[in-house]
Amino acid sequence: MKKILCLTFLFMFSAISVFASDIKFVQVDNLQYSPNSTSSVQDFANIIDEINKIKDVDFVIFSGNNIAKSDKKYLDSFLKKAKKLNCSCYIALGHKDLNKKKGLSKTAYIEIVRKNTYKNIRETNYTFSKKGVVFIVADGAKEFIATPFGYYRESAIDYVDKALTKYSKKNAVILQHFPIYPPNSNEEFRTYNVQEYIKMLNKHTNVKAVISGFNVNSENDIAGVKYITTASFPKYRIIEIIEPKSENPTIWTTLK
């Protein structure tokens, strides 16, 4: 009887160890938060409450169009509300988040982010790690022209390339707003310079997923890489990486 109990305990301990190493995060895209709208404020409060009820969430990525218009007060309010999450928070840029002519350049954006104690975000392209997996946030937004067209500049592609090279022995997931494999042919949502981006990605074997925002929900496996797009708020996506350090981790997604 003691042997049976011992074996049962070892099995349970082993299962707990495996699950503890898995990664779970939530992607919210196109929130378009407005502090001047009662419904927008309430919607944001509701989604924070929902996410806080999900067990074992490692972090949340707001993947672009986080505020309704490029305004410093909007961004400041959004960041303060996001602090109510019970987990880490990371941010990518969409076309609505920036407008240099109105005072919200990429430099100004980062300054406001850092003033709100998000010290882990130093640039609009940046990297962070969770449980052995490297997450790379890629900036495809423009400062001057507020259109839904994305554009990954040479500097952004170079940043991702160098990060993938630096962490070549670790699995990598790319987080961004503008997709490089669009799930439909809608010209309104074109992303430019994707061929250079794809050419760069094809050099690396450690990319396991590219997660973007968009106007539809889509999942595609292309050349061993999972390409995921998530539609506008109020939908959000729970993404789980099972056995994240293995050569071929399993990536599950649940759309809420």
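The values are calculated or read from the model by the stated rules, or taken from the named source; none is laboratory data. Predicted, not measured: the structure shown is a model, and the values here were computed from it. When we count neighbours, we look across all protein chains shown, and the Cβ atoms used for this are built from the backbone with ideal geometry, even at glycine. Only protein heavy atoms, including side chains, enter the accessible area calculation; ligands, DNA and RNA are left aside. Shrake-Rupley method; radii C 1.70, N 1.55, O 1.52, S 1.80 Å.
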Checklist line | strands (runs of 3 or more DSSP E) wholly inside the stretch 185-256 that include at least 2 residues being acidic (Asp, Glu), more than 18 Å from the chain's Cα centre (by Cα) and under 23 Å from LYS166 (Cβ atoms) | finding: none
Item checked: Only one of THR147, THR127, THR165 that is hydroxyl-bearing (Ser, Thr, Tyr), touching a strand residue (DSSP E or B) at 6+ places or on another chain (Cβ under 6 Å) and touching a residue at least 24 places away in the same chain (Cβ under 8 Å) -> THR127
Item checked: Residues located in the stretch 96-115, provided they are free of Cβ contacts under 8 Å to residues at least 60 places away in the same chain, of a type outside the set (Ser, Thr, Tyr) and surrounded by 16 or more Cβ atoms within 10 Å (Cβ to Cβ) -> ASP97, LEU98, ASN99, LYS100, LEU104, LYS106, ALA108, ILE110, ILE112, VAL113
Check: How many residues, within the stretch 196-216, are surrounded by fewer than 16 Cβ atoms within 10 Å (Cβ to Cβ) and touching a strand residue (DSSP E or B) at 6+ places or on another chain (Cβ under 8 Å)?
Finding: 1
Next item on the list: Of all residues in the stretch 105-123, count the ones that are in contact with a helix residue (DSSP H, G or I) (Cβ under 6 Å, 6 or more places away or on another chain) and over 18 Å from VAL28 (Cβ atoms).
Entry: 1
Next item on the list: Return yes when ILE180 is among the hydrophobic types (A, V, I, L, M, F, W, C), assigned to a loop (DSSP other than H, G, I, E, B), open to solvent by less than 20 Å² (accessible area, probe 1.4 Å) and in contact with a helix residue (DSSP H, G or I) (Cβ under 7 Å, 6 or more places away or on another chain) and no when it is not.
Entry: yes
Next item on the list: Hand me the list of strands (runs of 3 or more DSSP E) wholly inside the stretch 42-150 holding 2 or more residues that are of a type in the set (A, V, I, L, M) and closer than 20 Å to VAL173 by Cβ.
Entry: 59-62, 133-137
Check: Of the numbered conditions (1) out of contact with any Phe, Trp or Tyr (no Cβ under 7 Å at 6 or more places or on another chain); (2) surrounded by fewer than 21 Cβ atoms within 10 Å (Cβ to Cβ), TYR151 satisfies every one except a single condition; which is it?
Finding: (1)
Notebook entry, point to check: Which condition does PHE189 not pass, out of (1) at pLDDT 95 or above; (2) closer than 23 Å to PHE62 by Cα, if it passes all the others?
Noted result: (1)
